[in-house]
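Student: The structure is given below, and queries will be raised subsequently.
The values are calculated or read from the model by the stated rules, or taken from the named source; none is laboratory data. Keep in mind it's a predicted model, so treat the numbers as computed, not measured. Here the Cβ positions follow ideal geometry from the backbone for every residue, glycine too, while neighbour counts run over all protein chains shown. Calculation scope for accessible area: heavy atoms of the full protein, side chains included, ligands and nucleic acids excluded. Shrake-Rupley method; radii C 1.70, N 1.55, O 1.52, S 1.80 Å.
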Amino acid sequence: MAPSFDDGNSLFNFVVRDGNGVKGMVDSGLSTVPQAYMQPPIERIDKDRARKHGHPPIDLSKLGGPEHDEVAKQIVRAAENLGFFQVVNHGVPVDLLESLKDTAHDFFSLPAEKKAVYRDDVSPTPLVKYGTSFVPQKEKALEWKDYISMQYTNDAEALQHWPEEIRDVSLEYLRTSMSMVRKLLQVLLENLGVKPEDSMIDVLVDKKMVNMNYYPTCPNPDLTVGVGRHSDMGTLTILLQDGIGGLYVKIEDDSKFGKKGEWVEIPPVPSALVINVGDMVQVLSNGKYKSAEHRVRTTSTKSRVSIPIFTMPNATAKIAPLPEVVEKDGNTLYKEFVLADYMKNFFSNAHDGKKSLDFAKINSA
C-alpha cells in the first residue's frame with residue numbers, strides 16, 4: 001500500500017529510499033502534485049511564453065565534402081551562441097534510435113524491485129545507478145524524473161554489469177555515436193586554432209556514460225519540472241529525445257538565436273540527435289563556446305523518455321583553457337583544476353543554472 005504523499009518523510013522513503021521512483025508514485029493513482037514536487041514560481045516553465053528553436057538540424061554527412069566549411073561554421077556558431085544544436089545523418093541507425101526509446105519505456109515499466117536493486121546504496125556494481133531526481137537530499141523541490149545511469153569502462157564490463165534488459169541496445173548506441181562525437185570535437189578545436197591529435201580527443205572523451213531518463217505523466221506540469229536549470233559538466237552530451245518534447249535552453253547573450261535570458265524549446269526532429277556543449281568545452285575554449293543552461297518540462301498526456309550519452313575527461317585529468325586560446329585572448333577566465341574536484345562540487349549541490357562553473361572561474365577582484 002502506498003503511503004500518504006502529503007507527508008514529506010513518507011514520500012521520500014517510498015520514492016527515493018525504497019526505489020519506487022516517481023513512476024511508483026504515479027502508478028499508485030496520484031491525482032495531484034505532492035508538495036515535495038511543487039517548484040517555486042520562478043522555477044516553473046511557462047511553455048506558452050517560450051519560443052520554439054526554429055533552426056534546421058545540421059547535416060553531418062556534408063563534413064569532409066565540398067560543403068565542409070559551411071557545415072563547420074554552423075556547428076561553431078551554435079556552440080558559440082546557444083550551446084545546443086541538432087544533427088541528422090549522424091551515423092547512428094534510425095532503427096536503433098527507435099529501439100532505444102522502446103527499450104527505455106519497457107525498462108521503466110518493470111516492477112520497482114527489478115530497478116531498485118541498482119539504487120546507489122545497494123547496487124551490485126559501481127558502474128550502474130538507478131535513482132530519481134538529481135540530489136534529492138539537497139533539493140528544496142524534487143524533480144519529476146527517474147533514471148538509470150551506466151558508466152562505460154570497456155565492452156566486457158558493460159556486458160557483465162549493465163542491466164540485461166537495456167545493455168545491448170545502450171552499448172550499440174554508444175559505439176555508433178563516438179565517431180560523430182570525435183568529428184564534432186575536431187571541428188570545434190580546429191576553429192580555436194588547435195590541430196587536435198587523436199590522443200587529445202581521447203582524453204576529452206575518456207569517460208562515457210549512458211543514461212535513460214523517464215518522465216512519468218504529471219497531474220499538473222505547470223507546477224513541476226522534469227529537470228531543473230543546469231548545464232552539463234562534461235565535454236559533449238549526445239541526447240536522443242522522443243517525440244513529446246519538453247527540452248528548453250536559455251540564451252546566454254543576445255544573438256540571432258534570441259535575446260539574452262530568453263528560454264527556447266528544442267523541438268523533437270525525427271531521426272535527429274541533440275548535441276549539448278558541456279562545461280569542460282566552455283573552460284577549454286576560455287569562454288568562446290557556451291555550455292548550455294537547460295531544463296525539462298513535464299507532461300500530462302504521456303510519459304516521456306530521453307537517452308543521453310555523457311562524455312568527459314578522466315577524473316584525474318587537469319583541465320584549463322587551451323594555451324593557443326589564452327595566447328590569442330590575452331587573458332584567462334578559468335583556473336586549472338583536476339576534474340575530480342569539479343565533479344565533487346557539481347554532484348554535491350542541487351541544480352542551480354550554471355553556478356557549477358563558478359568553481360573554475362578566476363575571481364576578477
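Student: Going through region 258-310 one residue at a time, which ones are among the acidic types (Asp, Glu) and under 29 Å from Ser31 (Cβ atoms)?
Tutor: Within region 258-310, just Glu265 meets the criteria.
Student: If Val283 satisfies every condition in (1) open to solvent by less than 10 Å² (accessible area, probe 1.4 Å); (2) under 23 Å from Tyr173 (Cα atoms); (3) modelled with pLDDT of 95 or more but one, which is the exception?
Tutor: (2)
Student: Could we say that Asp18 is touching a strand residue (DSSP E or B) at 6+ places or on another chain (Cβ under 9 Å) and surrounded by fewer than 19 Cβ atoms within 10 Å (Cβ to Cβ) here? Walk me through how you get there before you give the answer.
Tutor: Details: touching a strand residue (DSSP E or B) at 6+ places or on another chain (Cβ under 9 Å): yes; surrounded by fewer than 19 Cβ atoms within 10 Å (Cβ to Cβ): yes.
Taking the combined requirement at face value, the residue satisfies it.
Student: Among the residues of region 190-203, write down those that are open to solvent by 10 Å² or more (accessible area, probe 1.4 Å) and not in a loop (DSSP other than H, G, I, E, B).
Tutor: Once the filter is applied, which keeps residues that are open to solvent by 10 Å² or more (accessible area, probe 1.4 Å) and not in a loop (DSSP other than H, G, I, E, B), region 190-203 yields Glu190, Asn191, Asp198, Ser199, Met200, Asp202, Val203.
Student: When you scan region 182-214, how many residues do you find that are modelled with pLDDT of 95 or more and among the hydroxyl-bearing types (Ser, Thr, Tyr)?
Tutor: 1
Student: Out of everything in region 50-70 that is touching an Asp or Glu at 6+ places or on another chain (Cβ under 9 Å) and in contact (Cβ under 8 Å) with a residue 60 or more places away in the chain, what residue ends up being surrounded by the most Cβ atoms within 10 Å (Cβ to Cβ)?
Tutor: We begin by selecting, within region 50-70, every residue touching an Asp or Glu at 6+ places or on another chain (Cβ under 9 Å); these are 50-53, 59, 62, 67.
Among the residues that remain, those that are also in contact (Cβ under 8 Å) with a residue 60 or more places away in the chain are: 50-53.
Working: Ala50: 15, Arg51: 13, Lys52: 10, His53: 19.
So the residue we want is His53.
Student: Do you know which residues across region 209-227 are more than 17 Å from Gln39 (Cβ to Cβ) and surrounded by 21 or more Cβ atoms within 10 Å (Cβ to Cβ)?
Tutor: Selection gives Val210, Met212, Asn213, Tyr214.
Student: Do we find a residue being buried (at least 19 other Cβ atoms within 10 Å of the Cβ), under 21 Å from the mean Cα position of the chain (by Cα) and farther than 21 Å from Val269 by Cα anywhere in region 100-114?
Tutor: yes
Student: Exactly one of these conditions fails for Thr176: (1) within 21 Å of Asp106 (Cβ to Cβ); (2) free of Cβ contacts under 8 Å to residues at least 24 places away in the same chain. Give me its number.
Tutor: Status for Thr176: all satisfied but (2).
Student: Any idea how many residues of region 275-333 are touching a helix residue (DSSP H, G or I) at 6+ places or on another chain (Cβ under 7 Å), of a type in the set (A, V, I, L, M) and part of a strand (DSSP E or B)?
Tutor: Within region 275-333, residues that are touching a helix residue (DSSP H, G or I) at 6+ places or on another chain (Cβ under 7 Å), of a type in the set (A, V, I, L, M) and part of a strand (DSSP E or B) number 7.
Student: Any residue in region 242-254 that is surrounded by fewer than 24 Cβ atoms within 10 Å (Cβ to Cβ) and touching a helix residue (DSSP H, G or I) at 6+ places or on another chain (Cβ under 6 Å)?
Tutor: yes
Student: Please indicate, with yes or no, whether at least one residue in region 308-316 is open to solvent by 30 Å² or more (accessible area, probe 1.4 Å), in contact with a Phe, Trp or Tyr (Cβ under 8 Å, 6 or more places away or on another chain) and either at positive phi or of a type outside the set (S, T, N, Q) (or both).
Tutor: For region 308-316, residues open to solvent by 30 Å² or more (accessible area, probe 1.4 Å), in contact with a Phe, Trp or Tyr (Cβ under 8 Å, 6 or more places away or on another chain) and either at positive phi or of a type outside the set (S, T, N, Q) (or both): absent.
Student: Restricting to helices (runs of 4 or more DSSP H) lying wholly in region 63-154: which have 1 or more residues that are over 23 Å from Leu30 (Cα atoms), modelled with pLDDT of 95 or more and not charged (D, E, K, R)?
Tutor: 68-81, 94-108
Student: How many residues, within region 273-309, are within 23 Å of Asp341 (Cα to Cα), small (Gly, Ala, Ser) and in contact (Cβ under 8 Å) with a residue 60 or more places away in the chain?
Tutor: Qualifying residue count for the region: 3.
Student: Which of the numbered conditions does His230 fail, given that it passes all the others? Conditions: (1) open to solvent by 10 Å² or more (accessible area, probe 1.4 Å); (2) of a type outside the set (Asp, Glu); (3) at pLDDT 90 or above; (4) within 11 Å of the chain's Cα centre (by Cα).
Tutor: Of the numbered conditions (1) open to solvent by 10 Å² or more (accessible area, probe 1.4 Å); (2) of a type outside the set (Asp, Glu); (3) at pLDDT 90 or above; (4) within 11 Å of the chain's Cα centre (by Cα), the odd one out for His230 is (3).
Student: Could you check Ser179 against (1) within 22 Å of Gly245 (Cα to Cα); (2) open to solvent by 10 Å² or more (accessible area, probe 1.4 Å); (3) assigned to a helix (DSSP H, G or I); (4) among the hydroxyl-bearing types (Ser, Thr, Tyr) and say which number it fails?
Tutor: Only one criterion is unmet by Ser179, namely (1).
Student: If you don't mind, there's one more thing I want to ask. Within region 127-171, which residues are within 24 Å of Asp18 (Cβ to Cβ), out of contact with any helix residue (DSSP H, G or I) (no Cβ under 7 Å at 6 or more places or on another chain), surrounded by fewer than 18 Cβ atoms within 10 Å (Cβ to Cβ) and of a type in the set (Asp, Glu)?
Tutor: The answer is Glu139, Glu164.
Student: Still on this structure, I have one more. From the set of residues in region 338-359 that are under 17 Å from Ala292 (Cβ atoms) and of a type in the set (A, V, I, L, M, F, W, C), which is modelled with the highest pLDDT?
Tutor: Residue satisfying both the conditions and the ranking: Leu357.
Student: Does Pro270 count as assigned to a strand (DSSP E or B) and surrounded by fewer than 23 Cβ atoms within 10 Å (Cβ to Cβ)?
Tutor: Against the criterion (assigned to a strand (DSSP E or B) and surrounded by fewer than 23 Cβ atoms within 10 Å (Cβ to Cβ)), Pro270 does not qualify.
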